[in-house]
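Enquirer: Pasting a structure here, questions to come.
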Amino acid sequence: MEVMIVSSSDEVAQVAADILRDMLLHKPACVLGLATGSTPIALYGELVHRYQQGEISLREVQTFNLDEYLGLQPKSRLSYRRFMSEHLFAHTDIEADNIHFPECAAEQDPRTVGPGYEWAISNAGGIDLQVLGIGANGHIGFNEPSSSLGSRTRVKALAPRTLQDNSKLLRDDETQPEMAITMGIGTIMDARRILLLATGEHKAAAVAGAVEGAISAMHPASVLQAHQRVRVIVDEAAASQLQLREYYQWVRRKNDSIASQHGGSADDDPWFHKTVEDLD
Ligand code: GLP
């Protein structure tokens, strides 16, 4: 796990956008796993800006979002498809057919969505880079505490803490969805590279549990410690409960000095080197 502590939430977005840009340059037809929530909004804004500057293109990219609410009215303001369209997709050159959500059609049994989504991810070649936020209770996607660490895409009932956190975003005439379809923890762990983003003091305990706590289903993000290529990008506030804060910064300076001596482009960065799965 590489922990990158930066000074502000804006810098979290910049550093994450640099990594996504490098991914897009390294593999223009890459498969991205994307997250919703307030945390990645600034990242998506930055990607739109870079697209408008001609720095990146999403023309060949396929995307798979982590999750979608269940039981929403079509075109609901709360839907994650709409969120992604507003913050990213509608402002770029991504092809509509390349955008995927674990959505349930009107008459469909929601329990059949997960296997189809898993198939689609696998058919696309697997996720090259997964962007994650983290819930205050340590959830990733909607994998709430106690989710199996090997879980796959499925229906999940939301935890009380999540319902409470998300209800703050509701308007008076809106009802909080209580269920969602989410990629499983096993699905997320299959991604070749993972970026976990967190900003603000209200995420500090969740980040500390993810990075330095025991691996446990009670804190789903902690499983990322067992992944080969995770970068955790946090601002100072979200890093404030990390015990090894100074060590992570020292490690980063050391790694940067190697990069400056031996080449700092995406092709020189081990993060982008072929993984064993790429060789299949
Ligand atoms: C939701 C999403 C998660 C997200 C989390 C944190 O529950 N399903 O993917 O990481 O919220 O959201 P925020 O970034 O708004 O704190």
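Enquirer: Looking only at the chain, where both bridge partners belong to it, what percent of the DSSP beta bridges are antiparallel (to the nearest 5)?
Expert: So the antiparallel bridges in the chain amount to around 30 percent.
Enquirer: Also, I was wondering about something else. Could you pull out every residue, at least 5 positions away or on a different chain, whose amide H is within less than 5 Å of the one on residue 3? Hs are placed 1.01 Å off N in the peptide plane, and Pro or chain starts have none.
Expert: For residue 3, whose amide H was placed from the backbone, the distant partners under 5 Å are 232.
Enquirer: Follow-up question, since we're still on this one. Can you give the local net charge around residue 60? Use residues other than it whose beta-carbon is closer than 15 angstrom to its beta-carbon, Lys and Arg +1, Asp and Glu -1.
Expert: Result for the local shell: -1.
Enquirer: Enumerate the calculated ³J(HN,Hα) couplings along segment 190-195 in order (Karplus 6.51 cos²θ - 1.76 cosθ + 1.60, θ = phi - 60°), each rounded to whole Hz, writing x wherever the residue is Gly or Pro.
Expert: Values, residue by residue: 6, 4, 6, 9, 10, 10 Hz.
Enquirer: Would you grab the residues whose amide H sits under 5 Å from the one on residue 235? Only those 5+ places off in sequence or on another chain, please, with H modelled 1.01 Å from N.
Expert: The answer is 6, 198, 200.
Enquirer: Ordering 179, 189 from largest to smallest accessible area (1.4 angstrom probe), what's the sequence?
Expert: The ordering from most to least exposed comes out as 179, 189.
Enquirer: Would you look at the GNM of the chain, springs on alpha carbons closer than 10 Å, and say which of 239, 106, 120 moves the most?
Expert: Comparing 239, 106, 120 in a Gaussian network model of the chain, the most mobile one is 106.
Enquirer: Which percent of the Cα-Cα distances in the chain go past 33 Å?
Expert: It works out to 16 percent of all Cα pairs.
Enquirer: Can you run phi through the Karplus equation (6.51, -1.76, 1.60; θ = phi - 60°) for segment 90-96 and list ³J(HN,Hα) in whole Hz, with x for Gly and Pro?
Expert: Karplus-based 3J(HN,Hα) across segment 90-96 equals 5, 9, 10, 9, 5, 7, 4 Hz.
Enquirer: In segment 56-95, which GluC sites (Glu not before Pro) are in a loop and have at most 15 other Cβ atoms within 10 Å, using DSSP for the loop call?
Expert: Counting only loop positions with at most 15 other Cβ atoms within 10 Å, the GluC sites (Glu not before Pro) in segment 56-95 are 60, 95.
Enquirer: Tell me which aspartates and glutamates have Cα within less than 17 Å of residue 203's Cα, excluding those fewer than 8 residues away on the same chain?
Expert: 10, 11, 144, 165, 212, 235, 236
Enquirer: Still on this structure: May I ask you to evaluate 6.51 cos²θ - 1.76 cosθ + 1.60, the Karplus curve with θ = phi - 60°, for each residue of segment 137-149 and list the ³J(HN,Hα) values in order in whole Hz, giving x for glycine and proline?
Expert: Ordered by residue, 3J(HN,Hα) equals 9, x, 6, 10, x, 10, 7, 6, x, 5, 4, 4, 5 Hz.
The values are calculated or read from the model by the stated rules, or taken from the named source; none is laboratory data. Predicted model only: the values in this text are computed from it and were never measured. Every residue, glycine as well, gets a Cβ built from its backbone with ideal geometry; the counts of neighbours run over all protein chains shown. Please note that ligands, DNA and RNA were not included when accessible areas were found on the heavy atoms of the full protein model with its side chains. Shrake-Rupley method; radii C 1.70, N 1.55, O 1.52, S 1.80 Å.
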